[in-house]
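Asks: My questions will all concern the structure given below.
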Ligand code: PMP
């Protein structure tokens, strides 16, 4: 089975303390395969120095490894040019980069279209820039089944819309959004298209050319890579057109006492010393994902979704947020249990060695829409098994008994 072979590649599960751990908090962060740990270790042990600066062997080795990660990332996203890949701290920073720089040219009367399922990372930056520059932020509504309501698209996507910024996959509902339908319509109106792929990056292949987005963001730590590194893809012309986001070393061309000029992309957007070892680790993580083969990967995850979904829906008192059918849906399940607080459920599950997350999952307005403040979320990836979900359901039944 795919998950057995894959699980063996993650040293964390071989630790005696983690024996039989059902790790179902992958929408927050995934575990790291040996290939990633080794790449980071190799970097620090054999070839660590600051990048892009030193004219000596060690610095050149570090720069080559760092830039090789850019090559791998470009391949992972099907980007046309290496300069279109910017390394950031995480998806949040990548989305802030776009929102804080592009918003400078928006004005009252302009609209930015998001959706009701956005993570705070793709909501708060636009909301705050809207207050600063006077534009309006609108939210495409959801259907009762937790999908974007495409029937309302004409009403929300108009000639006033200057930016369409959408999550490719919800970290709460598991919904895979219909970007293929929405992006061409946004393009036809000349709107800038921003994709938050923080969840999608570890569930489906991304192809920025086919998607035809202007910007796309994701984080390393959710796709088997280290924390501290994220990616912003941007079309060359769009990136060149934006002002810098942060100022300092590495991003300049020339500095005078009273003014400066900027380096070409990608350096223009990589101010200061980057997360060198983490970027190299991210390269190893993306190679790991690509080496598995997306077809097998998606087939396996789909099998997990098709197994877990009806079982969860059959639990008495369980209310699942998001699509109740497996089409265009990933293995992310947020739910409430009548009579059991999500935090109590998490701690009962923790006693059974099952790791899930409870809270609002950085989507407070979405939770408010459902009139709840918190859910329990179980989110799976390729090292999870059907048995993990069997144990989850047994754990839920136990919590129901304890709290009824
Ligand atoms: N968008 C989505 C859909 C997410 O799930 C997350 C992380 N939960 C983010 C953005 C932000 O990612 P990060 O915290 O790594 O910046």
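The numbers here are math on the coordinates, done by the rules we state, and not lab data. Quick caveat: nothing in here was measured; it's all calculated off a predicted structure. Here the Cβ is made from the backbone with ideal geometry for all residues, glycine too, and neighbour counts use every protein chain on show.
Asks: Sorted from fewest to most neighbouring beta carbons within 10 Å, what does the list 231, 181 look like?
Replies: 181, 231
Asks: Follow-up question, since we're still on this one. With each label point set 7 Å from Cα along the Cα-Cβ vector, what nm distance links residue 255 and residue 393?
Replies: Once both label points are built, they end up 6.1 nm from each other.
Asks: Relative contact order (percent) for the chain, with alpha-carbon contacts under 8 angstrom and 6 or more residues of separation?
Replies: 22 percent
Asks: Here is a further query. Quick one: 51, 332, fewest Cβ neighbours within 10 Å first, how do they rank?
Replies: 51, 332
Asks: Antiparallel as a % of all DSSP beta bridges within segment 146-303, to the nearest 5?
Replies: Around 55 percent antiparallel, to the nearest 5.
Asks: Choose one answer from 69, 22, 314: the residue with the largest mean-square fluctuation in a GNM of the chain with alpha-carbon springs under 10 Å.
Replies: Between 69, 22, 314, it is 314 that shows the largest mean-square fluctuation.
Asks: Here's something else I'd like to know. To check my understanding: the extent here is largest minus smallest coordinate of the Cα atoms along each principal axis. What are those three numbers for segment 187-339, in Å, largest first?
Replies: Computed over segment 187-339, the largest-to-smallest principal extents equal 69, 40, 37 Å.
Asks: While we're on this one: Based on the inverse mean of 1/r over its pairs of different Cα atoms, what is the Kirkwood hydrodynamic radius of segment 37-290, in Å?
Replies: Mean inverse Cα-Cα distance, inverted, gives 18.8 Å.
Asks: Ratio of alpha-carbon Rg to the 2.2 N^0.38 Å globular estimate for segment 286-343, to two decimals, please.
Replies: 1.40
Asks: DSSP beta bridges in the chain, what fraction antiparallel, as a percent rounded to 5?
Replies: 60 percent
Asks: Using the number of other C-beta atoms within 10 angstrom as an exposure proxy, rank 372, 85, 55 with the fewest first.
Replies: In increasing order of surrounding Cβ atoms, one gets 55, 372, 85.
Asks: Find how much the distance from residue 237 to residue 350 grows on full extension, using 0.36 nm per residue of separation minus their present alpha carbon separation; answer in nm with one decimal.
Replies: Computed gain between residue 237 and residue 350 is 35.8 nm.
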